[in-house]
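See structure below.
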Amino acid sequence: MATLLPRDSDNTPIPAVRLKSGGAHALTAGATSSRNATAFDDDTRIVSVCATAPVYIAFGDATVVATTADHYFPANLYYDFCIGGDRVAHYTHMAVLRVGAEDCAVYVSEKE
């Protein structure tokens, strides 16, 4: 099958998607849970996340809340998450909660 994707040293296509225009979200992870104010686009299947300090994260709808029982996400890691697709419920929001004593920034980029 023909592809325009970049290829690795074994000539295997590397999955790549681009940043979605208008799909940047900046959240503040504090002592209480917060989430993106604007829902992820219905067509978005992947979001990339990077936090300036460790946080707990949770995906869901407009009521999602992050707690200390949710997934730990380390600082300064850029990571892609699937938020929807074939036979998978589509998440519209991401909630964050700081791990440490200081608030931090969490950057989320929708991809297409």
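Below, the figures for the structure above:
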{"item": "Computed accessible area, Arg35, all protein chains, 1.4 angstrom probe, square angstrom", "result": "100 Å²"}
{"item": "D_trans [Stokes-Einstein, Kirkwood Rh over alpha-carbon pairs] for segment 1-62, 25 °C, 0.890 mPa s, µm² s⁻¹", "result": "165 µm²/s"}
{"item": "Equivalent ellipsoid, the chain (semi-axes from 5 times Cα gyration tensor eigenvalues, Å)", "result": "27, 16, 12"}
{"item": "Solvent-accessible area of Thr12 with every protein chain in place, 1.4 Å probe, in Å² to the nearest 10", "result": "70 Å²"}
{"item": "Max mean-square fluctuation residue, GNM over the chain, Cα-Cα springs under 10 Å, options Val88, Val65, Val49", "result": "Val88"}
{"item": "Counted charge near Ile14, where neighbours are those whose Cβ lies closer than 10 Å (Asp, Glu -1; Lys, Arg +1)", "result": "0"}
{"item": "Spacing of the two label points (7 Å from each Cα toward its C-beta) at Val88 and Glu102, in nm", "result": "3.4 nm"}
{"item": "Thr63-Val17 FRET efficiency (beta carbon distance; Förster radius 22 Å; 0.05 resolution)", "result": "0.20"}
{"item": "Gain on full stretching of the segment that runs from Ala26 to Ala75 - 0.36 nm per residue minus C-alpha separation", "result": "16.1 nm"}
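The values are calculated or read from the model by the stated rules, or taken from the named source; none is laboratory data. All values reported here derive from a predicted model rather than from experimental measurement. Cβ coordinates were reconstructed from backbone atoms using ideal geometry, including for glycine residues, and neighbour counts include every protein chain displayed. All accessible areas refer to the heavy atoms of the entire protein, side chains included, with ligands and DNA or RNA removed. Shrake-Rupley method; radii C 1.70, N 1.55, O 1.52, S 1.80 Å.
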